[in-house]
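Notes for the one structure printed next.
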Amino acid sequence: MSISSNVIVSNSFQNECVERMVDSEGQPAIRYQTGYWRSARYIIGVAVTERFAFYGVSTNLISYLTGPLGQSTATAAASVNIWAGTGLMLPLLGAFAADSFLGRYCTIMLSSLLYILALGMLTVSALLDWQGISMDKSQSPDKLQVLFFFVSLYLMAFGQAVHKPCILAFGADQFDEQDPTELKERGSFFNWLYFGACAGPLMALVVLNYLQDNVSWGLGFGIPCISMVIALVIFVSGKKSYRYNSKIEEKCSLLRVSQVFNKSTMNRSVSHSTSGFDEEEQNMAPQLGSQQIRQNRSLNEALLASDDSVEDKDIGGIKEVEEVKSIRNLIPLWATSLPLATVLAQPSTLFTKQGITMERSINSKFDIPAASLQYVIGLSIILLIPLYDRIFVPISRTITGIPSGITKLQRIGTGMFLCTICMITAALVERKRLNVVLEQGLADLAKAKVPMSFLWLIPQYILFGITEIFALIGLQELYYDQMPCGLKIVGLSLYLSICGMGNFISSFLICIIERVTSDSGGEGGWFSDNTNRAHLDYFYWLLAVVNVLGFIGFVLFAKSYNGTSNRGNILV
């Protein structure tokens, strides 16, 4: 009787525990005491306050560079894109730190402290200007102050680069993919996390931009620093409710990936029997339950040792090869997403410069800051994500039978299509603005307000928000879902690197086009400092065409993509 009772208790305990997860005390994580929405709400709270801090600096950064620092429009736009791109290309460092040394929780803690330090330094840099150091276009800014500013800015980029992929992965970890209910809710988590990340900046785009433009840049940078302190407090508050990955003694994920590639390259040059290798493949396929074991034959070379036997598991084992295949299968989709990411770099740079010239008066005493027009993007996302999650998904689910309504690849492709429409709209609106400039004779008056309402810009901002709902959230979920357990942060880092490369490409295009289209004196061109003589519409048409090519390439690769979700649902 006692033995039977013990077995029942043991089985019941096992059913309530989440596999590979522990609680804050290091004990097996109990399903109904840890994780799920009870801990995800803290992660969303962190996303709200952290994004408030980030966008409080980034959205109006071009105004600081072209104003107090005296940079030209093209130089400032390139500077912002390079900075943003750097911050989005560095997350692999966060993945390395989390996987190799610290774990996700400690990495988030340390990156938050670094983030706060950088914002504090940025505030000090701006206060030096506020205390009387003259920084206008007639007088070159102090070089040491400019250096201190950019050191602070890139330190902030490094902090958020380490922080962002870890907080995304840590939040998704709170949902057990082996539980059908929690797996379905994980999709909603990504939607609501993005909702929170967009809700946070709304106040920044209205209040902070006004303070920065009209009161003090020191105050405008100091408030984001306080916001990041609040984010850290919120994160620590949820410590007891979190689920943590149990420590598994294995090599760093990035090290495993690099070793598979090295082993594959070495073995490719060694002659071996093809028939023997095929026999090994057939023996391994049932064990892995993966159709990909018969594909990517060059990576399968990593399974062979020098004597043609499947050994040397420490370097090129079956698990490691499958991990690398997961990454390699996503590379074509990564590459064809870059045009989309290039477009996503425009609202905080050229869209803002476009809005500066337009009529933004609410009444005779108040002008809406041009950077605050990005509020429309966040507002669109906030209003439409609940409709997407609660109306669109259930309706489309009844039609398609897919739990998420449409597949992740279909969601991304829809976003790419809408992105093209967004850029066509932006080009037409800018053409309309330039026509008004010519009609009013304002072409040579760089600081003159064009008698055209900022409301003309609203459609392109709304389309931009809808594009993010479909494309960015879809990419975020795809790169998390398609990575094996040990590569989740790496997958999210790859997702972020898409946006990073988009910023670099945008910066590169601006620099090349500026050099080709401006005259020998550096004046004129598509990105003239006098926006009334610039041709941003040409650049927007170029981006629309490039995005169409990216969309076509994405659709072609998506049709042949053979990835599966963790529960075996085909993505396309």
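The values are calculated or read from the model by the stated rules, or taken from the named source; none is laboratory data. Just so you know, these numbers come straight off a predicted model, no measurement behind them. Neighbour counts are summed over all protein chains in view; Cβ atoms, including those assigned to glycine, are modelled from backbone coordinates with ideal geometry. With ligands, DNA and RNA removed, areas are computed over all heavy atoms of the protein, side chains included. Shrake-Rupley method; radii C 1.70, N 1.55, O 1.52, S 1.80 Å.
Can you tell me how many residues within segment 114-130 are of a type in the set (V, I, T) and either over 12 Å from F221 (Cα atoms) or modelled with pLDDT under 85 (or both)?
Number of matching residues: 0.
Hey, can you tell me all the residues within segment 429-444 that are in a loop (DSSP other than H, G, I, E, B) and either of a type outside the set (A, V, I, L, M) or touching a Cys at 6+ places or on another chain (Cβ under 6 Å) (or both)?
Answer for segment 429-444, where residues must be in a loop (DSSP other than H, G, I, E, B) and either of a type outside the set (A, V, I, L, M) or touching a Cys at 6+ places or on another chain (Cβ under 6 Å) (or both): G441, D444.
Please indicate, with yes or no, whether at least one residue in segment 533-552 is surrounded by fewer than 22 Cβ atoms within 10 Å (Cβ to Cβ) and modelled with pLDDT under 85.
Yes, some residue in segment 533-552 is surrounded by fewer than 22 Cβ atoms within 10 Å (Cβ to Cβ) and modelled with pLDDT under 85.
Under 7 Å between Cβ atoms, which residue pairs at least 6 apart in sequence (or on different chains) link something in segment 175-190 that is farther than 16 Å from Q33 by Cβ with a partner that is among the polar types (S, T, N, Q) and open to solvent by less than 20 Å² (accessible area, probe 1.4 Å)?
Once the first residue is farther than 16 Å from Q33 by Cβ and sits in segment 175-190, its partners that are among the polar types (S, T, N, Q) and open to solvent by less than 20 Å² (accessible area, probe 1.4 Å) give F190/Q476.
Just to be sure before I move on: is K447 without any contact (Cβ under 8 Å) to a residue 60 or more places away in the chain and outside any helix (DSSP H, G or I) in the structure I sent?
Yes: the conditions hold for K447.
Within segment 191-208, is even one residue within 16 Å of A126 (Cβ to Cβ), in a helix (DSSP H, G or I) and open to solvent by less than 60 Å² (accessible area, probe 1.4 Å)?
yes
Which residues, taken from segment 131-149, are surrounded by 15 or more Cβ atoms within 10 Å (Cβ to Cβ) and modelled with pLDDT of 75 or more?
Across segment 131-149, the qualifying residues are Q145, V146, F148, F149.
Checking F504 against (1) hydrophobic (A, V, I, L, M, F, W, C); (2) outside any loop (DSSP other than H, G, I, E, B); (3) at pLDDT 85 or above, only one condition comes out false. Which one?
(3)
Which of the residues that make up segment 54-95 are closer than 16 Å to A161 by Cα, aliphatic (A, V, I, L, M) and open to solvent by less than 30 Å² (accessible area, probe 1.4 Å)?
Passing the criteria: V57, V80, A84, L88, A95.
What are the residues in segment 327-347 that are in a helix (DSSP H, G or I) and among the aliphatic types (A, V, I, L, M), if any?
If the condition is that a residue be in a helix (DSSP H, G or I) and among the aliphatic types (A, V, I, L, M), then I327, L330, I331, L333, A335, L338, L340, A341, V343, L344 are the ones that fit.
Being open to solvent by 50 Å² or more (accessible area, probe 1.4 Å) and of a type in the set (F, W, Y) is the filter here, so list the residues in segment 387-430 that pass it.
Result: F392, F417.
Could you tell me whether L496 is closer than 17 Å to L333 by Cβ, modelled with pLDDT of 80 or more, open to solvent by less than 10 Å² (accessible area, probe 1.4 Å) and assigned to a helix (DSSP H, G or I)?
For L496, the condition - closer than 17 Å to L333 by Cβ, modelled with pLDDT of 80 or more, open to solvent by less than 10 Å² (accessible area, probe 1.4 Å) and assigned to a helix (DSSP H, G or I) - is met.
This table checks each residue for (1) assigned to a loop (DSSP other than H, G, I, E, B); (2) open to solvent by 10 Å² or more (accessible area, probe 1.4 Å).
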{"site": "S152", "(1), (2)": "no, no"}
{"site": "L155", "(1), (2)": "no, yes"}
{"site": "F158", "(1), (2)": "no, yes"}
{"site": "H163", "(1), (2)": "no, no"}
{"site": "I167", "(1), (2)": "no, yes"}
{"site": "G171", "(1), (2)": "no, no"}
{"site": "D176", "(1), (2)": "yes, yes"}
{"site": "E185", "(1), (2)": "no, yes"}
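Report those helices (runs of 4 or more DSSP H) wholly inside segment 1-113 carrying at least 2 residues which are modelled with pLDDT of 80 or more and out of contact with any His (no Cβ under 6 Å at 6 or more places or on another chain).
36-58, 61-66, 73-89
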